[in-house]
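Chemist: Pasting a structure here, questions to come.
The values are calculated or read from the model by the stated rules, or taken from the named source; none is laboratory data. Note that the structure is predicted; figures quoted are calculated from it, not measured. Reconstructed Cβ throughout: ideal geometry from the backbone, glycine too, with neighbour counts over all protein chains shown.
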Amino acid sequence: MSDLSKKIAADYSAMMPRAAIMKKYGIGRDQMMRHIHETLPAREVQLLIHQRNIHRTLEGVKSRSIRQEHGAKQAPLEDEGVIKIHIPADVLAERTRRIELSHASVTAALCGDPLPGYSALDKAQLRQDGAR
């Protein structure tokens with residue numbers, strides 16, 4: 001077991017992206033996996049692969065849902081595995097407005113009534129006033 005194999009296995013265990021590992025050590029995917037299998041027991045490698053797949057899925061779902069919910073755009077990557085999200089100023093302002101509002105009563109909060117100004121009736125009245 002070489003020092004290189006230990007370093008590659010450590011990076012892989014730390015959830016470093018595969019592409020970043022291959023680039024860092026100048027190796028291909030097959031070589032990378034050979035080093036990992038040389039260092040770690042087969043069961044541990046299977047567990048790591050499973051954990052990495054779950055991690056990748058959760059991160060992907062989380063970043064996609066944030067972008068979809070808020071109309072945010074993904075900025076160019078500066079580093080492998082790092083995603084910077086730009087949230088438009090109007091979206092942040094809307095979030096601040098909603099946070100500052102409070103329900104009309106405790107019952108409204110417990111029953112899940114919309115915040116003042118956000119009910120379907122309030123929105124319809126705004127549209128009506130805007131059309132006049």
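Chemist: Mind checking which residues of region 11-22 are free of Cβ contacts under 8 Å to residues at least 60 places away in the same chain, of a type outside the set (D, E, K, R) and surrounded by 13 or more Cβ atoms within 10 Å (Cβ to Cβ)?
Modeler: Within region 11-22, Tyr12, Ser13, Met15, Ile21, Met22 qualify.
Chemist: On to the next question. Test Gly28 against the criterion of being of a type in the set (Gly, Ala, Ser) and modelled with pLDDT of 85 or more, and give yes or no.
Modeler: Values: of a type in the set (Gly, Ala, Ser): yes; modelled with pLDDT of 85 or more: yes.
So Gly28 fits the description; yes.
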